[in-house]
Amino acid sequence: MRVIVDGADVTVPEEATVLSSVRAAGAELPTLCHDDRMSPVGSCRTCLARLDGHVVAACVTPVTDGAQVQVEQEDLSRLRRDAVELIVSALPGHALEGDTELALLCRSLGIGPAAAEPERGRDDSHPYVRLDRDLCIACGRCVRMCADVQGTFALTLTGRGSHTVVAPGTGGPWAESDCVACGGCVDTCPTGALTEPGLPPGTHLSAFTRTRTTCGYCGVGCTLDVLTRDGKIAAVTPARDGPVNRGHACVKGRFAHGFLRSPERLTRPLLRRGSLLEPVDWPEALDHIARGLRAAIDQAGPDAVAAISSARATNEENYLIQKFMRTVIGTNNVDNCSRLCHSPSAAGLTAAFGLSGGTDSFDDVEQADSLLVVGANPIEAHPVVGARLLQHVLRGTRLVVADPRTVGLAEHANVHLRPRPGTNVALFNGLAHILLAEDLTDQEFLRHRATGLEELTALLDDYPPERVSAITGVPAPDLVAAARLYGRAERPAIVYGLGVTEHLHGTDGVRTLANLAILRGAVGTGRGYGVNPLRGQNNVQGASDMGALPDLLPGYAKVGDPAARARAERAWGVPVPRRDGLRIPQMFAAARAGDLRALWIVGEDVCATDPDTNRVVEALETCPLVISQELFLSETARHADVVLPAASWLEKDGTFVNFDRRFQRICPALSPPGQARTDFAIVHALAAALGADLGCPTPAAALAECGQVAPAFGGISHQRLDREGALAWPCPDPEHPGTPKLYLDRFATADGLAHLAACLYLPPGESPDDDYPLILITGRRWAHYNSGNMTRRTDNIRLAPTDQIDVNPADAARHAVRDGDPVTVESRHGRAALIARITGDTAPGQLFCAFHFPANRVNALTSGHTDTVTSCPEYKVTAVRLSPGRPA
Ligand SMILES: Nc1nc2c(c(=O)[nH]1)N[C@H]1C(S)=C(S)[C@@H](COP(=O)(O)OP(=O)(O)OC[C@H]3O[C@@H](n4cnc5c(=O)[nH]c(N)nc54)[C@H](O)[C@@H]3O)O[C@H]1N2
Ligand SMILES: Nc1nc2c(c(=O)[nH]1)N[C@H]1C(S)=C(S)[C@@H](COP(=O)(O)OP(=O)(O)OC[C@H]3O[C@@H](n4cnc5c(=O)[nH]c(N)nc54)[C@H](O)[C@@H]3O)O[C@H]1N2
Ligand SMILES: [Mo]
């Protein structure tokens, strides 16, 4: 529609307000109580404008076609100025210092100085959020940010009249509140009442350098602006135009950067001399490695060398590492932590649909009218996605959560299915049985676009609700209710996590979950948003896309396929080994057997995060040359022969691929400390030490070369990403817009059809018995990240100082364990020491803990059982026993 703003014609969308029309006309209004990320309230009276003759608050007033809006009028300016002056009159002098929204506004209006006496005091209890109550104008933006964007509802306004001020809803200090430190309140505060330590009140932002990059923690891929000065990070702010985060962030991306300047950061290479790791210079370290690699190859051939590439590192680094292994060493022994995580997704989704990635973009998933969230805890593990899902549910979308625990989203679910850990295949078969029995399938889709229905139908006869209920422990009526919510929705979507994959039959779990979308015709059509894994690490999708896998080249071409090898050989100019390489668990087994003679581990703390720690340590101790490329002296680095100091994501140039297949740029905000180098530079140096040249002198050149080897990435370049922003693969040529939603024409399988899978339910690798009567589930907590090597070296340690183990009250009573007690947990494989947290979030007979504090040795408990198809560890099911007190 058309609106006239101060005489000028502007075109605005249907839902436009006076404020958005004014902005569309290129004019500005002060908006002290408004932020586009939340719904407007119109309380501060600073955005007054005239609409068809009436004075209105612009932020809350809609416009109609042909409306006349006036902004530049004498009386309006005076009213706005009066409103601001009234607000400022209650504030103390320091209110107008620095570059807050209020200070800038007052400077532009010539208002000041403020002069009230400070009287309400500060709350500095929290490491990241500081409150100066005297600067609070009770605009409520922080409260709405916490509710409307983050969904934590931790804040409220208390007090009366001019004494109204923000406070945690729990009363008491901020540090003890429900706040999860997303930073949204700080970000929106217009006055400096809420600040973060790096940008205290009075800060002038022009003094900082701003670098746009992508978060290097989880796979969500938040766009962040990093503010630096004098070689240090002052603050990280979420970008309003970030395609996934849209101005939001979480405690990790926003605040957990203190590890960068930790005194424990590695700044020099280390070389083992006896029991000590001693600092050496790069030439000596590289020479030692080169001699070790040559010796390994001379003694036992190139397959005696293996590399674990890093899902924390960039695409370009992963590309270079696999190229190094394949062309300089001559082996396919290269893998990445996708093995421990979503390798069953890669295998399962490829078998079902043809490509190794989620089927739809998250923006689409957010349009679903029914969500099935399975074995995922996005509120803690992918907080920005979790917040978006939660808001979607609060707006009325129906939600089924399938998780043995009462995870954050489960509290808002229409149906919460709580299957026994390890029984997903029975659960999904049971849901499929009901879809068929109640005719909730898409017959047309099944006839033309899918295959395998007959076999599946026959199998599903054996999965009626009663039997499924007996296996899973989920009441039959809940199964029926969940199947109907999914089956009757017009646009359902499935989102899932490690609760599906990290099992003995994880790939079967992915296949049988995909069955639901196929039966319902909710994938590759406009009638639903497919099956979407919440990939874990910042670049785990990318590490696999780049071919850091033992059986697959860049772009998922099979190593065994002569045509694929020929394509790579053309680009690389050397033969590519044809035999599949070792997977991570096989690397350790080969090392223990004496067959693997050199292992290069980049950015993975295998002694903390791989299962059955004692056996991993044995492997490293047997292997003659272990190289750990790290930020810190991790558990793994302690067992290495050479430790190489690496740069972190905030110090690097390149790209990551996020969970919905988007390539995004990362740019260095700082230089690496001391002699630390980027993984990119280290691979090149290692190649040079062996007399080889890998080509690809820059990250941009590496991605360009990758595009020649892998046609799906052929249209993606640094230049284009810098110009256009994120691009979802497949993107085969420079004119291609990318493919956020897959399979609209056909599936990428050989026959173009979606493949239903008839998988029998088989029990998990471990079940409770008299010796080990409880089932331990392991997973994540919000404040720490995986091995914890980074987050433990930030102030997040003040938010969560230790790992706790969740115990159901019934089990706690039986084992004489009270909340906060130290406990010992034992499995067939090892023993761990934890602190008990008594909670009904875990079901009786089940325990839950994270693995963020390696010193507690949680992964000494987990078993060597792995997914039968992909070797992904069964982290989610371990039989254990619990006893009060610390280990003897
Ligand atoms: N704060 C934080 N965020 C992270 C990480 C972190 O360490 N900390 N790590 C990142 C990484 S690498 C990854 S892969 C992602 C992981 O993200 P998620 O997959 O969400 O993480 P988890 O907590 O490991 O597991 C998810 C859920 O699976 C459930 N589950 C266990 N067994 C079963 C089962 O048999 N059936 C079903 N239906 N559910 C089950 C668990 O109860 C748990 O709530 O998070 C990423 N984000
Ligand atoms: N019990 C249990 N164990 C689990 C899981 C579980 O659910 N339960 N989940 C598994 C999963 S899904 C995953 S992904 C793994 C994760 O396991 P890891 O990959 O081992 O965990 P991270 O803490 O992410 O560690 C990576 C290491 O890389 C270093 N690093 C960070 N950035 C860079 C970089 O740019 N370059 C280099 N060279 N180093 C860098 C960090 O200091 C850190 O030590 O853990 C697995 N372990
Ligand atoms: Mo992961």
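Data overview
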{"read-out": "Evaluation of LEU753 against (1) touching a helix residue (DSSP H, G or I) at 6+ places or on another chain (Cβ under 7 Å); (2) open to solvent by less than 30 Å² (accessible area, probe 1.4 Å) (one fails), failing number", "value": "(2)"}
{"read-out": "Complete set of residues in region 430-458 that are closer than 24 Å to ILE471 by Cβ, crowded, with 17+ Cβ neighbours inside 10 Å, out of contact with any Gly (no Cβ under 7 Å at 6 or more places or on another chain) and touching a residue at least 60 places away in the same chain (Cβ under 8 Å)", "value": "LEU431, ALA432, LEU436, THR441, GLY452, LEU453, LEU456"}
{"read-out": "Some residue of region 405-414 being in contact (Cβ under 8 Å) with a residue 60 or more places away in the chain, buried (at least 24 other Cβ atoms within 10 Å of the Cβ), away from ligand 2 (no atom under 16 Å from the Cβ) and not hydroxyl-bearing (Ser, Thr, Tyr)", "value": "no"}
{"read-out": "Single residue of ALA710, ALA758 found to be at pLDDT 95 or above and in the same structural domain as LEU286 (by TED's automatic domain parsing)", "value": "ALA710"}
{"read-out": "Given (1) touching a residue at least 60 places away in the same chain (Cβ under 8 Å); (2) under 25 Å from the mean Cα position of the chain (by Cα); (3) open to solvent by less than 40 Å² (accessible area, probe 1.4 Å), number of the condition ALA800 does not satisfy", "value": "(1)"}
{"read-out": "Residues being free of Cβ contacts under 8 Å to residues at least 60 places away in the same chain and closer than 24 Å to ASP693 by Cβ - total across region 549-569", "value": "4"}
{"read-out": "When residues of region 114-132 are limited to those that are at pLDDT below 95 and not in a strand (DSSP E or B), the one least open to solvent (accessible area, probe 1.4 Å)", "value": "ALA114"}
{"read-out": "Any chance VAL334 is away from ligand 1 (no atom under 16 Å from the Cβ) and either modelled with pLDDT under 95 or among the hydrophobic types (A, V, I, L, M, F, W, C) (or both)", "value": "yes"}
{"read-out": "Residue in region 293-309 that is more than 21 Å from PRO575 (Cα to Cα), of a type outside the set (A, V, I, L, M) and under 17 Å from the mean Cα position of the chain (by Cα) present", "value": "no"}
{"read-out": "Failed item in (1) of a type outside the set (D, E, K, R); (2) open to solvent by 20 Å² or more (accessible area, probe 1.4 Å); (3) closer than 28 Å to HIS718 by Cβ, with THR223 passing the rest", "value": "(2)"}
{"read-out": "Sole exception among (1) under 22 Å from GLY221 (Cα atoms); (2) away from ligand 3 (no atom under 16 Å from the Cβ); (3) not in a loop (DSSP other than H, G, I, E, B) for ALA669, by number", "value": "(3)"}
{"read-out": "Test: residue in region 515-525 that is touching a Phe, Trp or Tyr at 6+ places or on another chain (Cβ under 6 Å) and either within 16 Å of ligand 3 (Cβ to nearest atom) or modelled with pLDDT under 95 (or both)", "value": "no"}
{"read-out": "Subset of region 13-39 [touching a strand residue (DSSP E or B) at 6+ places or on another chain (Cβ under 7 Å) and within 17 Å of GLU101 (Cα to Cα)]", "value": "ALA27, LEU29"}
{"read-out": "Residue match in region 803-818 (condition: modelled with pLDDT under 95 and on the phi < 0 side of the Ramachandran plot)", "value": "yes"}
{"read-out": "Of all residues making up region 523-555, the number that are open to solvent by 10 Å² or more (accessible area, probe 1.4 Å), under 14 Å from SER310 (Cα atoms) and either hydroxyl-bearing (Ser, Thr, Tyr) or assigned to a loop (DSSP other than H, G, I, E, B) (or both)", "value": "2"}
{"read-out": "In region 157-188, the residues that are under 17 Å from GLY247 (Cα atoms), open to solvent by 30 Å² or more (accessible area, probe 1.4 Å) and among the hydrophobic types (A, V, I, L, M, F, W, C)", "value": "VAL180"}
{"read-out": "Enumerated strands (runs of 3 or more DSSP E) restricted to region 775-888, each holding at least 1 residues that are within 16 Å of ligand 3 (Cβ to nearest atom) and over 23 Å from PRO763 (Cα atoms)", "value": "846-850"}
{"read-out": "Sole exception among (1) open to solvent by 40 Å² or more (accessible area, probe 1.4 Å); (2) in contact (Cβ under 8 Å) with a residue 40 or more places away in the chain; (3) more than 20 Å from the chain's Cα centre (by Cα) for ARG814, by number", "value": "(2)"}
{"read-out": "Test: residue in region 428-451 that is within 16 Å of ligand 3 (Cβ to nearest atom) and charged (D, E, K, R)", "value": "no"}
{"read-out": "Residue in region 344-363 that is open to solvent by less than 10 Å² (accessible area, probe 1.4 Å), of a type in the set (Ser, Thr, Tyr), within 30 Å of ALA300 (Cα to Cα) and within 16 Å of ligand 3 (Cβ to nearest atom) present", "value": "no"}
{"read-out": "Helices (runs of 4 or more DSSP H) completely within region 450-503 that count 3 or more residues being in the same structural domain as ASN414 (by TED's automatic domain parsing) and over 14 Å from VAL415 (Cβ atoms)", "value": "453-460, 465-472, 498-501"}
{"read-out": "Boolean, LEU91 is crowded, with 19+ Cβ neighbours inside 10 Å, among the aliphatic types (A, V, I, L, M) and under 12 Å from THR191 (Cβ atoms)", "value": "yes"}
{"read-out": "Count - residues of region 556-603 that are crowded, with 22+ Cβ neighbours inside 10 Å and in a helix (DSSP H, G or I)", "value": "6"}
{"read-out": "Search result, residues across region 189-220 that are polar (S, T, N, Q) and either away from ligand 1 (no atom under 16 Å from the Cβ) or open to solvent by 10 Å² or more (accessible area, probe 1.4 Å) (or both)", "value": "THR191, THR195, THR203, SER206, THR209, THR211, THR213"}
{"read-out": "Criterion (open to solvent by 10 Å² or more (accessible area, probe 1.4 Å), within 26 Å of LEU582 (Cα to Cα) and of a type in the set (Val, Ile, Thr)) met by exactly one of THR622, THR636", "value": "THR622"}
{"read-out": "Scan of region 670-684 for residues that are open to solvent by less than 20 Å² (accessible area, probe 1.4 Å) and among the aliphatic types (A, V, I, L, M), ordered by number", "value": "ALA676, ILE682, VAL683"}
{"read-out": "Residue within region 727-735 that is farther than 27 Å from MET546 by Cα, part of a loop (DSSP other than H, G, I, E, B) and open to solvent by 10 Å² or more (accessible area, probe 1.4 Å) present", "value": "no"}
{"read-out": "Hey, SER343 out of contact with any helix residue (DSSP H, G or I) (no Cβ under 7 Å at 6 or more places or on another chain) and under 19 Å from GLY547 (Cβ atoms) or not", "value": "yes"}
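The values are calculated or read from the model by the stated rules, or taken from the named source; none is laboratory data. Remember, predicted model here, so these are calculated numbers, not experimental data. Every residue, glycine among them, receives a Cβ derived from its backbone with ideal geometry; neighbour counts consider all protein chains shown. To get the accessible areas, we keep the full protein, side chains included, count just its heavy atoms, and leave off ligands, DNA and RNA. Shrake-Rupley method; radii C 1.70, N 1.55, O 1.52, S 1.80 Å.
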